[in-house]
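Asker: The structure is given below, and queries will be raised subsequently.
The numbers here are math on the coordinates, done by the rules we state, and not lab data. Quick caveat, the model's predicted, so the values are computed rather than measured. Here the Cβ positions follow ideal geometry from the backbone for every residue, glycine too, while neighbour counts run over all protein chains shown.
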Amino acid sequence: MSGRQRLPGQRPLARTLVLAAGWTVVALAGTFALDPFRNYQLALVAAYLCATAGLTVLVGATGQLSLGHAALMAVGGYGYALTSNALPFGGMLAFVVALLAGAVASAVVGLLLGLAAARLSGPYLAGLTLAVVVALPAVSSTWSTVLHGDQGVQIAFEGVPDVLRRVVALEQWQAMVAVVVTAAVVTALTVLRSGRFGLRMQAVRDDEVAARLSGIPAGRVKVLAFTASSVAAGVGGAVLCFVAQAVSPGAYTVGFSLLLVVAVVIGGLGSILGAALGSVVIVLLPWLIGRLTADLPADAAQRLDGNLAVLVFGLLLITVMALAPRGLHGALVRRRRTPPSAHPIEEAVPRKVLVPTEEQR
């Protein structure tokens, strides 16, 4: 047999790229069948998927729990908005430059958090990342001359390019851009997780001591994993800013940050498809609850606004964890990959992976 032998769990790069291109084309074609509001919801799902995909790779592959991905999305959004307003030109070139600026800004913040994350674990790491989200309004108020406090930063309106203006509506154009950017982010995360670095992340997660004894730099792996996840979240924040035409600290609260974690858990930890399912849930469920409570009296609707969604998310999380410990994605593939005699609790326990040998590294 010629060629290098693939590592366990490693996918061919060509197959990953072909699948990514195929699903991207399907999503882009689907925008023509949706009305403007549905395209807006699709753009939101795509923006959230960037963050949840990065978060599920971080938690599922390395075991690092981050409760601060909303703040990383905000960093990407502010980086995009400030750069977009500072550029002397517009169009797609300005979008790409501003998007890269948001990604770089979130990478820097993620790198700093990752350096701390390499020395922390469990509730200490979760507390550190949560503190970043809590501090976000204070940071925006302190730097109000640049970040404009609670009002946030508005960006110049960017409509549909002239070439597509007669064919594509604004919401559809935003959804198409969000889909393409998200496809690039998800593909990059999939390649990262499926390659040698993904094997190193799993080795560090399963037994950090054994990984270090095998020559794997566990601290460096954790820092790089956290940075990659932060970049994905920052790109998601930039896409969200592109769709909303603004960014403000009020959109990235502690509740929203916890909602991203709920989406990852409901979808299935460590699964990109699970992250997509979770993103769909956190976009559609509040809208559905709003539709169901629209006919209630004004006083009752005001009391239920926001509170009912939190209650439903909590009940949904408990139900999914009780019936499908591996999330929605795990429930979909359980019968195909797991023997019927296996206990559902056993499926939630991640299996040990072999630490890569020196030749494999």
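Asker: Specify whether the C-alpha gyration tensor of the range 62-115 places it in the rounded, prolate or oblate class, a ≥ b ≥ c being the square roots of the eigenvalues: rounded for a/c under 1.5, otherwise prolate if a/b is larger than b/c and oblate if not.
Answerer: prolate
Asker: Taking only Cα atoms, what is the 0 to 90° angle, nearest 10, from helix 170-194's long axis to the longest principal axis of the chain?
Answerer: Helix 170-194 sits roughly 10 degrees off the main axis of the chain.
Asker: Looking at the square roots a ≥ b ≥ c of the eigenvalues of the Cα gyration tensor of the chain, which shape do they give, rounded for a/c under 1.5, prolate if a/b is larger than b/c, or oblate?
Answerer: Note, shape of the chain comes out rounded.
Asker: Let me ask something additional. Kindly express, to the nearest 10 degrees and within the range 0 to 90, the angle between helix 69-86's C-alpha long axis and the longest C-alpha principal axis of the chain.
Answerer: So the inclination is approximately 50 degrees.
Asker: Longest span of the chain, sites excluded, free of chymotrypsin sites (Phe, Trp or Tyr not before Pro) in DSSP loop with at most 13 other C-beta atoms within 10 Å?
Answerer: Longest site-free region, per DSSP loop and neighbour criteria: 158-361.
Asker: Filter the trypsin sites (Lys or Arg not before Pro) in the range 143-218 down to the DSSP loop ones having no more than 12 other Cβ atoms within 10 Å, then list what survives. Can you show the working numbers first?
Answerer: Working: sites: Arg165, Arg166, Arg193, Arg196, Arg200, Arg205, Arg212; in loops: Arg165, Arg166.
In loop regions of the range 143-218 (DSSP not H, G, I, E or B), the sparsely surrounded trypsin sites (Lys or Arg not before Pro) are Arg165, Arg166.
Asker: Considering all alpha-carbon pairs of the range 96-223, what whole percent are spaced by more than 25 angstrom?
Answerer: 50
Asker: In degrees between 0 and 90, to the nearest 10, how far off the longest principal axis of the chain does helix 13-30 point, with axes built from Cα atoms?
Answerer: 30
Asker: Using a 10 angstrom Cβ neighbour count of at most 13 plus a DSSP loop assignment to flag exposed GluC sites (Glu not before Pro), which longest range of the chain is free of such sites?
Answerer: 1-357
Asker: Ok, one more. At 25 °C and 0.890 mPa s, what whole-number value in µm²/s does Stokes-Einstein give for the translational diffusion of the range 1-111, with Rh from the Kirkwood sum over Cα pairs?
Answerer: Result for D is 144 µm²/s.
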